[in-house]
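This report concerns only the one structure given below.
The values are calculated or read from the model by the stated rules, or taken from the named source; none is laboratory data. It should be emphasised that the depicted structure is a prediction, and the values quoted were computed from it without experimental measurement. FYI the Cβ positions are ideal-geometry reconstructions off the backbone, even for glycines, and counts take in every protein chain you see.
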Amino acid sequence: MTSREIETERLSLRPFTESDLDSLHQLWTEPGVRQYLWDDEVIPKERTRSIIETSIESFEANGFGLWAVFLRSDRAMIGFCGFWNFHDPPRLELLYGITASRWRQGFASEVARAMIRYGFEELSLERIEASTDAANLVSTSVMKAVGMSFWKRELTNGLETIYYAISREEFQGVFTQSRKESKDAKLKTG
């Protein structure tokens, strides 16, 4: 298993371990989370266990998988994020979700930015894609907020799905601009 950890301004991320089974299963079966993640299905705990095991193996083999998201202030797990292979043939996508009690606080955008940065800087990806059900307007807003652009719309498993993407070059432009804005803000307040 990897010992990777990522810290953002308010969050700490680490790859899932087997000890996260109960917390992750509880998160994934919350009505607001499962609505779009599992098409509202209450998945069995064994499926959560299998995904954690696959994620651990993926980190060992590829350097990516799913991460547990914790508040730095009290170490409470509030979500998950990472890269996962979807579709047939498999295509790597960004994935994220936050517990409903922490919605509308910017945490999804914070973890998505951290994963995009990890994908480009650590995994050397050339392009990062993400998708959501067309009805999931909040997830679409997150993708836009982190610099991703609309790519395509298609039917996936009978549901209208929207895809967004960001290239390495686009990321570098967004990252450079946000660093400049952050530096300017510090100069104005300092």
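Could you list all residues from the stretch 33-49 that are surrounded by 12 or more Cβ atoms within 10 Å (Cβ to Cβ) and either basic (K, R) or assigned to a helix (DSSP H, G or I) (or both)? Result: V33, R34, Q35, Y36, L37, K45, R47, T48, R49. Residues in the stretch 40-52 include none that are modelled with pLDDT under 85, of a type outside the set (S, T, Y) and under 18 Å from the mean Cα position of the chain (by Cα).
Residues in the stretch 99-123 that are among the small types (G, A, S) and more than 9 Å from the chain's Cα centre (by Cα): A100, S101, G106, G119. Screening the candidates L71, L137, L94 for the property of being buried (at least 23 other Cβ atoms within 10 Å of the Cβ) and out of contact with any Pro (no Cβ under 9 Å at 6 or more places or on another chain) yields one hit, L94.
Per-residue answers, yes or no, for (1) of a type in the set (F, W, Y); (2) assigned to a loop (DSSP other than H, G, I, E, B); (3) under 19 Å from E60 (Cα atoms); (4) touching an Asp or Glu at 6+ places or on another chain (Cβ under 9 Å):
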residue: C81; (1), (2), (3), (4): no, no, yes, no
residue: N85; (1), (2), (3), (4): no, no, yes, yes
residue: L94; (1), (2), (3), (4): no, no, yes, yes
residue: V111; (1), (2), (3), (4): no, no, no, no
residue: A114; (1), (2), (3), (4): no, no, no, yes
residue: F120; (1), (2), (3), (4): yes, no, yes, yes
residue: I128; (1), (2), (3), (4): no, no, no, yes
residue: T132; (1), (2), (3), (4): no, no, no, no
